[in-house]
Amino acid sequence: MAVRKIVLSLLAFTFLAPVAFSQNRSGEPIPAMPKLLDQRQQMDVREQWLMKRLGTLLLPMMKRHGIEMWIVANEEFNSDPVTEHITPPIPMVGRRDLFIFIDQGQRIERIAMVRYDEERLRNHYRFIMPARDKFGEELKKLVDQRNPKTIALNIGGSRGQQSGLSHDSYKFLAESLGADNEKKFVSAANLLTEFFDTRLPEEMVEYEKAVLATDVITRRAFSSEVIKPGVTTVGDVRWWMIEQVNKLGLSIWFQPDLRIQRQRTETGTTGAFLSTAKEADVIQKGDLLHVDFGLNYMGLSTDWQKHAYVLKPSESDAPAGLKAALKNTNKLQDAVFFVARAGMTGTDVYDQTMSEMKRQNIEAMIYSHPIGTHGHGLGPSIDFRGNIGGGGNKILPGSYMSIELNTSTPVAEWGGQKVTIMAEDDAVMTEKGYKFIRPRQTEFYLIK
């Protein structure tokens, strides 16, 4: 309840009502950018989230995965991907800092073995600050006193978030703790999957802002504010979007990509997907544009794919065939939402959805992935390549999924040329199935 009050009180003076400042569809205003929390406010709210994660959620997770002790080793300039999500979100700059979690039955003992004092870190950990040459000795003393049956380390996973322990840190732990304790080392991979795929309900307040910010930047990029046909290049759009994120004091977690589909022009493919356009490519009238873009805010990531059509002089709307292609992708989204429920595996959702697409004679691909703490998050994927990274994991209630997919449709106005409509929208799993964080795209953004 205290967390909710803090978040709501901050929200009351930090959110701006939408104000129209541009348009990229006939008559529809682009929403205003939400007012984001400043750095100090972000820290305060995220520390409340951290307190709940470490104080309430972590212990039952450790028990479910048979882990009595979990050690996270963080190195200066080689941070473990886990560190920023188990500490206050500020850099940890010790040569090697250790964060230790111990199952004490009804509670978790949390210890930070660090070289430098940090006030906010003390809100969450008991400090042990050995001399540099006593680090290994003090660690062994602690572990021997607790005598856990298992010691989980960030090793052995198939994803980077699960495998952050460096070779040198592993050697330090093994040599410091001795052969008997080394035999207790186990992988923390499954624990990390559940830890990162579990969302707090109060995170949604800020995640909605992150997704809205992604939406606003994308709509502005795909409008006449940024694009002048025959002049603007793909690179112009790409770097304009990156600069907007920079102005907000945020960051991107992957390179934003643009694609161009053009009548009587082969787009090409890279692997199973349409190839990205080169930065020097000039946007022309009649182009169908696509962007893949995401940002980071409050320790949460977004992922967003949208389309715009550049009108020809004689046009006031996109060709009917392109609009029908977009509707096919909407039908694929509908099928995913009809099928998916908490407790299902991504493979189950994929198989049932693709069966429906076959029945409707729609050429479709699905490659949806968990999102939230990381853009390509841990958890069950709904993916044509299999349930990658998630194994037999089931969709968790309240978890976020980036609904990423496409359909390909012949377009009569383009001489039967096949057009691929790629969509990606962030969604949350509710009691009734997935719900989009922001409304999905059902009409092309039009650039005049």
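Counting only residues that are basic (Lys, Arg) and either buried (at least 16 other Cβ atoms within 10 Å of the Cβ) or under 17 Å from Asn74 (Cα atoms) (or both), the range 147-165 holds 1 of them. Applying the criterion of being hydroxyl-bearing (Ser, Thr, Tyr) and in a helix (DSSP H, G or I) to the residues of the range 334-356, the residue that is farthest from Leu378 (Cα to Cα) is Ser355. Does the range 232-240 include one or more residues that are surrounded by fewer than 19 Cβ atoms within 10 Å (Cβ to Cβ), among the basic types (Lys, Arg) and outside any strand (DSSP E or B)? There is no residue in the range 232-240 that is surrounded by fewer than 19 Cβ atoms within 10 Å (Cβ to Cβ), among the basic types (Lys, Arg) and outside any strand (DSSP E or B).
Among the residues of the range 40-83, the ones that are among the aromatic types (Phe, Trp, Tyr) and under 18 Å from Ile111 (Cβ atoms) come to 1 in all.
When every residue of the range 242-259 is checked against the conditions, none turns out to be in contact with a Phe, Trp or Tyr (Cβ under 7 Å, 6 or more places away or on another chain) and of a type in the set (Lys, Arg). Being among the hydroxyl-bearing types (Ser, Thr, Tyr), crowded, with 16+ Cβ neighbours inside 10 Å and within 23 Å of Leu378 (Cα to Cα) is a description that does not apply to Thr218.
Pick out the one residue from Glu413, Glu431 that is more than 30 Å from Gly230 (Cα to Cα) and of a type in the set (D, E, K, R).
Step by step, each of Glu413, Glu431 is checked, and only Glu431 is more than 30 Å from Gly230 (Cα to Cα) and of a type in the set (D, E, K, R).
Would you confirm whether or not the range 320-328 contains a residue that is among the charged types (D, E, K, R), touching a helix residue (DSSP H, G or I) at 6+ places or on another chain (Cβ under 8 Å) and modelled with pLDDT of 95 or more? Within the range 320-328, none of the residues are among the charged types (D, E, K, R), touching a helix residue (DSSP H, G or I) at 6+ places or on another chain (Cβ under 8 Å) and modelled with pLDDT of 95 or more.
Tally time: how many residues in the range 410-427 are assigned to a strand (DSSP E or B) and surrounded by fewer than 20 Cβ atoms within 10 Å (Cβ to Cβ)?
Residues that pass the stated criteria total 3.
It is to be established whether one or more residues within the range 136-155 are part of a loop (DSSP other than H, G, I, E, B), among the basic types (Lys, Arg) and within 21 Å of Glu84 (Cβ to Cβ). Looking for residues that are part of a loop (DSSP other than H, G, I, E, B), among the basic types (Lys, Arg) and within 21 Å of Glu84 (Cβ to Cβ), one finds none in the range 136-155, hence no.
Residue-wise test of (1) assigned to a strand (DSSP E or B); (2) buried (at least 22 other Cβ atoms within 10 Å of the Cβ); (3) of a type outside the set (Ser, Thr, Tyr).
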site	(1), (2), (3)
His369	yes, yes, yes
Thr373	no, yes, no
Gly377	no, yes, yes
Pro380	no, yes, yes
Gly398	no, no, yes
Lys435	yes, no, yes
Pro439	no, no, yes
Glu443	no, no, yes
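When we screen Lys278, Lys327, Lys312, Lys285 for residues that are over 19 Å from the mean Cα position of the chain (by Cα), of a type in the set (Lys, Arg) and not in a loop (DSSP other than H, G, I, E, B), the only hit is Lys327. Whether any residue in the range 179-197 is acidic (Asp, Glu), under 17 Å from His85 (Cβ atoms) and either in a helix (DSSP H, G or I) or out of contact with any Leu (no Cβ under 7 Å at 6 or more places or on another chain) (or both) is what I want to check. Yes, the range 179-197 contains a residue that is acidic (Asp, Glu), under 17 Å from His85 (Cβ atoms) and either in a helix (DSSP H, G or I) or out of contact with any Leu (no Cβ under 7 Å at 6 or more places or on another chain) (or both). Among the conditions (1) surrounded by 13 or more Cβ atoms within 10 Å (Cβ to Cβ); (2) of a type in the set (A, V, I, L, M); (3) modelled with pLDDT under 95, the only one that Val19 does not satisfy is (1). Only a single criterion out of (1) part of a helix (DSSP H, G or I); (2) over 26 Å from Glu413 (Cβ atoms); (3) among the charged types (D, E, K, R) is not satisfied by Arg219, namely (2).
The values are calculated or read from the model by the stated rules, or taken from the named source; none is laboratory data. Remember, predicted model here, so these are calculated numbers, not experimental data. Don't worry about glycine lacking a Cβ; one is built from the backbone with ideal geometry, like all the others, and counts go over all protein chains shown.
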